[in-house]
1. How many residues are under 19 Å from A:Arg134 (Cα atoms) and within 14 Å of another protein chain (Cβ to nearest Cβ) when one looks only at region A:44-90?
2. What number of residues within region B:33-47 are out of contact with any strand residue (DSSP E or B) (no Cβ under 6 Å at 6 or more places or on another chain), within 11 Å of another protein chain (Cβ to nearest Cβ) and open to solvent by less than 70 Å² (accessible area, probe 1.4 Å)?
3. Which of the following residues is touching a strand residue (DSSP E or B) at 6+ places or on another chain (Cβ under 6 Å), over 19 Å from A:Arg67 (Cβ atoms) and either of a type in the set (Gly, Ala, Ser) or in a helix (DSSP H, G or I) (or both): B:Ala18, B:Ala13, B:Ala60?
4. Scan region B:84-107 for residues that are within 19 Å of B:Glu62 (Cβ to Cβ), open to solvent by 10 Å² or more (accessible area, probe 1.4 Å) and aliphatic (A, V, I, L, M) and jot them down.
5. Going by the conditions given, is B:Leu4 touching a Lys or Arg at 6+ places or on another chain (Cβ under 6 Å), within 14 Å of another protein chain (Cβ to nearest Cβ) and either free of Cβ contacts under 8 Å to residues at least 60 places away in the same chain or under 30 Å from A:Asn116 (Cα atoms) (or both)?
6. Grab the helices (runs of 4 or more DSSP H) fully contained in region A:45-148, keeping just those with 3 or more residues being small (Gly, Ala, Ser) and open to solvent by less than 10 Å² (accessible area, probe 1.4 Å).
7. Of the residues that make up region B:19-32, is at least one open to solvent by 70 Å² or more (accessible area, probe 1.4 Å), closer than 17 Å to B:Leu163 by Cβ and away from chain A (no Cβ under 14 Å)?
8. Of the residues that sit in region A:1-27 and are surrounded by fewer than 20 Cβ atoms within 10 Å (Cβ to Cβ) and within 8 Å of another protein chain (Cβ to nearest Cβ), which one is nearest to A:Ala109 (Cα to Cα)?
Amino acid sequence: MKLELTVNGDPYRREIAPDATLLLVLRDELDLTGTKWGCMTGDCGACTVLVDGEPVVSCLQLAQQVRGAEVTTVEGLGRDGELGDVQAAFVRHGAAQCGFCTPGMIVAAEALLRHNPDADEPEVREALAGNLCRCTGYNKIVDAVLDVGRSRSTTA
Amino acid sequence: MPELFQPVDLDEALAFMAEHPGITMPIAGGTDVMIDMRIGRAMPEWLVDLRPLQTLKGLAFEGDAVRIGALTRLRTLELNGELARRAPAVVEAARVLGSVQIRTMATLGGNLCHATPSAEMPPPLLVHDAVAEVASRDGSRTLPLADVFAGPGATTLESGELLTAVTLRATESGSGSCYLRQTVRWSMDLAGVGVAASIEAAAGAVTAARVALGAVAPVPLLVPEAGAAVIGSPLTTESAVEAGARAAAACSPITDARGTAEYRRQVVAVLVARALRIAWLRANGEWPAGLPAPINGVLSGATS
């Protein structure tokens with residue numbers, strides 16, 4: 001089946017299997033491997049991407065069902081080789097250990113902060129509850145997200 | 001590997017399902033269907049994509065009722081302030097299900113039709129007197145939501161039928177409801193026990209009350225005798241505890257990874273009393289509108 005998709009602002013056209021997931025298309029067809037292949041049951045959140053600005057687990061998302069949508073992956077959050085503010089905060093706070101959950105965490109955090117830059121700690125934890133970090137480095141992750149929220153609120 | 005049919009409207013979807021009996025599976029958010037296919041629980045030859053069916057999306061408030069399209073996403077329910085005021089139990093259940101990502105994808109119709117005994121959405125809908133609308137190529141019909149559930153993973157819907165909407169009783173004032181659940185973790189967990197309660201009050205007394213349970217029977221369970229225990233007077237500790245005891249007696253929990261049958265029965269009794277207490281306070285305007293009830297039923301100041 002034909003699939004047309006905009007990913008990180010770039011239009012793509014591919015021929016894909018009808019049951020291909022968005023995760024498979026991103027990684028295997030478009031070589032955007034920042035989005036991670038984790039549990040494949042929607043539990044771990046490592047494959048989180050934004051579809052029309054909202055966070056979804058791309059492992060459970062049929063690609064054809066989001067035909068024509070705007071998809072944002074972790075690769076789309078930086079600009080011109082510069083890290084996005086959430087990415088930079090994760091570096092600053094040492095919020096990555098093995099790094100496998102990091103892209104999904106950053107995309108889920110981005111989804112929260114776009115709607116609610118003033119999110120408090122419980123709200124951050126609720127927004128990231130679908131993203132598992134098996135290194136259990138949650139505190140630094142939450143600190144990083146709260147830090148970005150503070151700076152976006154001040155500059156807004 | 002299934003083929004994918006993407007209809008332009010509901011009629012086309014229903015016609016396709018009628019012409020391909022037994023080999024189609026509707027897919028909306030996909031959060032259950034994709035997993036079921038991966039583990040071999042579902043092996044359809046055709047997936048019928050419901051997402052293009054815009055007419056099945058959204059909420060409409062009409063008088064004391066709200067009609068919710070089956071394609072409405074749980075995230076939409078969670079964030080609807082009017083629904084939080086009129087049917088707080090529904091919003092509370094939507095808010096604790098899965099994760100933000102799952103709720104952004106998952107639809108109300110999908111949660112109901114997957115018919116998991118521990119599903120979050122049936123108990124709150126049952127205490128709001130939900131009526132289901134079901135359509136097929138040959139027409140449409142309505143039935144009480146309770147009659148949709150046939151057993152674990154099974155509904156009474158016929159081949160070729162689709163759930164299209166659910167209509168709830170959700171009054172402007174004089175009523176309150178609440179959903180509480182017991183889980184091991186706050187998020188990404190299934191209810192070990194789910195409890196919803198609703199109360200309508202007038203002149204300081206309960207005029208109507210409903211209690212519904214999830215995860216403690218093969219199907220979501222309305223317990224009329226539990227609601228009846230609190231009708232006719234102000235809610236008291238004694239009447240709420242009696243309602244809890246009746247609910248515990250009516251359910252038939254199993255022992256599994258999320259708890260023993262004995263434990264679940266005791267949790268049912270406690271959560272029913274607490275949920276009725278919160279519903280009563282809300283019906284009397286004494287519990288802030290829209291404030292989510294504490295997750296896991298942990299609560300101070302309003303216990304039985």
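The values are calculated or read from the model by the stated rules, or taken from the named source; none is laboratory data. For clarity, every value in this text was computed on a predicted model and none was experimentally measured. Cβ atoms come from the backbone with ideal geometry, glycine included; neighbour counts cover every protein chain shown. Only protein heavy atoms, including side chains, enter the accessible area calculation; ligands, DNA and RNA are left aside. Shrake-Rupley method; radii C 1.70, N 1.55, O 1.52, S 1.80 Å.
1. The total comes to 7.
2. Total satisfying the criteria: 4.
3. B:Ala60
4. Across region B:84-107, the qualifying residues are B:Ala84, B:Val91.
5. no
6. A:102-115
7. So the first thing to find is which residues in region B:19-32 are open to solvent by 70 Å² or more (accessible area, probe 1.4 Å), and the list is B:19, B:21-22.
So of that shortlist, the ones also closer than 17 Å to B:Leu163 by Cβ come out as none.
No; the residues of region B:19-32 include none that is open to solvent by 70 Å² or more (accessible area, probe 1.4 Å), closer than 17 Å to B:Leu163 by Cβ and away from chain A (no Cβ under 14 Å).
8. Taking the candidates together, the pick is A:Asp19.
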